[in-house]
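Here is the structure we will look at.
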Amino acid sequence: MSGAPDRIEVAASPFPYPLDPAHTALVVIDMQRDFVEPGGFGETLGNDLSPVAAIVPTVAALIALFRRKQWPILHTRESHKPDLSDCPPAKRLRGNPALRIGDEGPMGRILVRGEPGNAIVATCAPAPGEIVIDKPGKGMFYATEVGEILKERGITHLVFAGVTTEVCVQTSMREANDRGYECLLIEDATASYFPRFKAAALDMIRAQGAIVGWTTPLYALSKALG
Ligand code: C5J
């Protein structure tokens, strides 16, 4: 226990996470077709999609848990305006992908807002009333209203899920940690195209006494919430 009577202790690494039920939101990072399905941004970069596709049911179960609790849910989408004015050339021109951001792919223009491939996968789709944030960067606070939205709602604790662990999830979690949020990452509701990067990111997050935050599997969170 954290000492506060209204906290729920969640078994987690590196020590129990003191969840504050009145001030907790779920953040689901970039569960988009562009990262999960063939023909999207992830595949065009040459990645094996299978580790990322495998977590979809677990992310859906986590979303369902928060819906049952009627706690806030925030979904992010990595996306750019159709004119790419929010996509720096350094991002668009990096590397040698089969298709670049803004190019026409089998699911529409890669990583462009409003295109079919930019949508969140159907199983994890936002419900009416849930917050949806379009972010041009890897971190969810950069060039978005996320800070203001969380402040308005009095959120102090964030439970994270989504893809990819070491890129947009970790960047968003680090941004949140620097802003004073208590962050918990659900281990089996996040994935990388590179399992060793996921493992390293989880280690980095919870090292040095939870220097970025905590991690735990979904069953531990479900058990604590009853
Ligand atoms: C990447 C993300 N990996 N959502 N984006 O480029 O992690």
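Summary table below
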read-out	value
Spread of Cα-to-Cα distances over 10 Å intervals beginning at zero, given as percent, for the stretch 28-87	20, 41, 29, 11
Viscosity 1.567 mPa s, 4 °C: Kirkwood-radius Stokes-Einstein D of the chain over Cα pairs, µm²/s	73
Gyration tensor over alpha-carbon atoms, the stretch 117-177, equivalent ellipsoid semi-axes in Å	18, 16, 12
Point-to-point label distance, V132-K81, nm (Cα→Cβ direction, 7 Å offset)	2.0
Calculated diffusion of the stretch 176-226, Stokes-Einstein form, Kirkwood radius summed over Cα pairs, 10 °C and 1.306 mPa s, µm²/s	136
The stretch 117-226: relative contact order in percent, alpha carbon pairs under 8 Å with at least 6 residues between	21
Relative packing of peptides 188-201, 45-58 - highest average C-beta neighbours within 10 Å first	188-201, 45-58
Degrees separating the helix 56-69 axis from the principal Cα axis of the chain, which is the longest one	50
Quotient of Cα Rg and 2.2 N^0.38 Å for the stretch 32-145, N being how many residues it contains	1.09
Cut-off 11 Å between beta-carbons: net charge of the residues surrounding T164, Lys and Arg +1, Asp and Glu -1	-1
Computed [θ] at 222 nm, deg cm²/dmol, the chain (DSSP H ≥ 4; -39,500 (n - 2.57); rounded to nearest 500)	-8000 deg cm²/dmol
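Laboratory data are not the source of any read-out in this text; all were calculated from the coordinates shown. Keep in mind it's a predicted model, so treat the numbers as computed, not measured. Here Cβ is always computed from backbone atoms with ideal geometry, including for glycine, and neighbour counts include all displayed protein chains.
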